[in-house]
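For reference, the structure discussed in these notes is given below.
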Amino acid sequence: FSDTLPNGLRLLLIEDHELPLIDGTVLVRTGSAFDPPEKAGLAGFAMQVMLEGGAAAMPGDQLVGRFQDLGAEIAGTVSENFLAISFTGLKQNAYGLVDALKDGLTAPTFPQDRIDLMKVRMRNAVAHRNDDPAAILRREFVATVFGKDSPYGAQVEYVNVDRLNRRDLVEFHKRYFFPGNVIVALSGDFVAAEMKIRMEAFFDDWKSEQPPVPAFPAVGSAIAPGKFLAVKKDAIHSFFAVGGVAGDWLDKDNPALEIMAGILRGRLNQLLNANVDSLAASWTPALGHPGLFQVTGAIANPFLTPKVLRTVYEELNRIRVQEVSEEELKAARSAAIDSLVFAFDNQLSLMPRLAEYRY
């Protein structure tokens, strides 16, 4: 069941009577790509304080406590181009959960003590972000591909954390949390027609409006191809990433490119299995802006790094200039189709996918 409520909020309902549960996902059209350059990290900061800081009717820990009292878990995540809040609970608590969710979405309080606590966490994350060599690679590779001045390559620094304040969070909520910019998707043991009536009643007084959210920022000029090093003296392994900008999620060529990445992954695993751990090749388009194509891995013996990279470059060139074999194509297509089985095997896995399509 899919509909738009009178206030503009888009609603997606999927009945699933197999278990006495309800699952909810809220998608908000925002993300870290809209963070002002001087205040990188704003979207994630605001989302976390929203969840932990409570609402007008349930300040402080009372909102999270309300979900816990109802036997539910609530979590949030922010990417470059969406903000998502999800929860899971028991059927008999469905209306109580939606009521609590509505308070959290429409009337967060952003208390100063939670803001201060979140700043401590963010500073701690910056302080320890170079502890893990693999994490350094991921961060620096993205920043190199998109550029550190791009919203898609931006990094949160101490100065960004210091600049964030309560007014920023209030303005962020006002700009992006309005009915026409939100999708609520519910899946579970309920009757869709009845749930729609209750949802209209719950959100009837949420009338706030804002201008439509613009398109996500363009990636900008591509970084010139080259070789880049991130040196960590105490690392006992070497880590590598080779790749560049991928396409948009709606590009008609993405299925073929995903199959191509699968074939490349199979070839490299055969050639480098003894020398590389966690070898991966992926074509990952993004929604609203280009994503990433990358071949990554960890090399236990750093002295083998030149040999491994030569092999990667050779295979990248070979897959560009030579047709793949029918056997490779068949195997990669079968693997891709098998992976789709788990995306459509039950209503629980179907709901996030349909919500993403609607988004």
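The values are calculated or read from the model by the stated rules, or taken from the named source; none is laboratory data. Since the structure is predicted, the reported quantities are computational estimates derived from the model, not experimental observations. Neighbour counts run over all protein chains shown; Cβ positions are idealised from the backbone, glycine included. Side chains included, ligands, DNA and RNA excluded: accessible areas come from the protein's heavy atoms. Shrake-Rupley method; radii C 1.70, N 1.55, O 1.52, S 1.80 Å.
Things worth noting here:
- If you go through segment 32-51 and keep only what is acidic (D, E) and open to solvent by 40 Å² or more (accessible area, probe 1.4 Å), you end up with just E38.
Okay, residues lined up against (1) open to solvent by 20 Å² or more (accessible area, probe 1.4 Å); (2) in a helix (DSSP H, G or I); (3) touching a residue at least 24 places away in the same chain (Cβ under 8 Å); (4) charged (D, E, K, R):
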| residue | (1), (2), (3), (4) |
| --- | --- |
| N124 | yes, yes, no, no |
| L137 | yes, yes, yes, no |
| S150 | no, no, yes, no |
| Q155 | yes, no, yes, no |
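- If you go through segment 213-254 and keep only what is among the polar types (S, T, N, Q), farther than 30 Å from A300 by Cβ and buried (at least 17 other Cβ atoms within 10 Å of the Cβ), you end up with just N254.
So that you can scan it fast, the table gives a plain yes or no per residue for (1) among the aliphatic types (A, V, I, L, M); (2) modelled with pLDDT of 90 or more; (3) closer than 24 Å to R358 by Cα:
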{"position": "F1", "(1), (2), (3)": "no, no, yes"}
{"position": "L5", "(1), (2), (3)": "yes, yes, yes"}
{"position": "R10", "(1), (2), (3)": "no, yes, yes"}
{"position": "L19", "(1), (2), (3)": "yes, no, no"}
{"position": "T30", "(1), (2), (3)": "no, yes, yes"}
{"position": "G54", "(1), (2), (3)": "no, no, no"}
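- A143 meets the conditions (1) part of a helix (DSSP H, G or I); (2) open to solvent by less than 20 Å² (accessible area, probe 1.4 Å); (3) over 30 Å from A192 (Cβ atoms); (4) touching a residue at least 24 places away in the same chain (Cβ under 8 Å) in every case but one. The failed one is (4).
- Within segment 285-298, the residues that satisfy the criterion of being part of a strand (DSSP E or B) and crowded, with 17+ Cβ neighbours inside 10 Å are A286, L292, F293, Q294, V295, T296, G297.
- Selection from segment 24-44 of residues that are polar (S, T, N, Q) and in a helix (DSSP H, G or I): S32
- Residues located in segment 123-150, provided they are among the polar types (S, T, N, Q) and within 18 Å of G244 (Cα to Cα): T144, S150
- Residue in segment 303-323 that is within 23 Å of the chain's Cα centre (by Cα) and either aliphatic (A, V, I, L, M) or part of a helix (DSSP H, G or I) (or both) present: no
Residues checked against (1) touching a residue at least 24 places away in the same chain (Cβ under 8 Å); (2) assigned to a loop (DSSP other than H, G, I, E, B); (3) touching a Gly at 6+ places or on another chain (Cβ under 9 Å):
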| site | (1), (2), (3) |
| --- | --- |
| A46 | yes, no, no |
| M50 | yes, no, yes |
| A57 | yes, yes, no |
| E80 | yes, yes, yes |
| T88 | yes, no, yes |
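- Here V64 fulfils each of the conditions (1) more than 25 Å from D205 (Cα to Cα); (2) modelled with pLDDT under 95 apart from (1).
- When segment 227-251 is filtered for residues that are over 20 Å from L304 (Cα atoms) and not in a strand (DSSP E or B), the ones remaining, listed by number, are A246, G247, W249, L250, D251.
- Residue satisfying condition, being surrounded by 16 or more Cβ atoms within 10 Å (Cβ to Cβ), free of Cβ contacts under 8 Å to residues at least 40 places away in the same chain and more than 30 Å from V213 (Cα to Cα), within set N275, N269, N301: N275
- Verdict on F216 being touching a helix residue (DSSP H, G or I) at 6+ places or on another chain (Cβ under 8 Å) and modelled with pLDDT of 90 or more: no
- Given (1) within 26 Å of the chain's Cα centre (by Cα); (2) touching a residue at least 24 places away in the same chain (Cβ under 8 Å); (3) part of a loop (DSSP other than H, G, I, E, B), index of the condition P211 fails: (2)
- Candidate set: segment 59-77, residues that are open to solvent by less than 40 Å² (accessible area, probe 1.4 Å) and touching a residue at least 24 places away in the same chain (Cβ under 8 Å); chosen: the one nearest to the chain's Cα centre (by Cα): G76
- Condition check for S282: loosely packed, with under 14 Cβ neighbours inside 10 Å, of a type in the set (S, T, N, Q) and out of contact with any Leu (no Cβ under 6 Å at 6 or more places or on another chain): no
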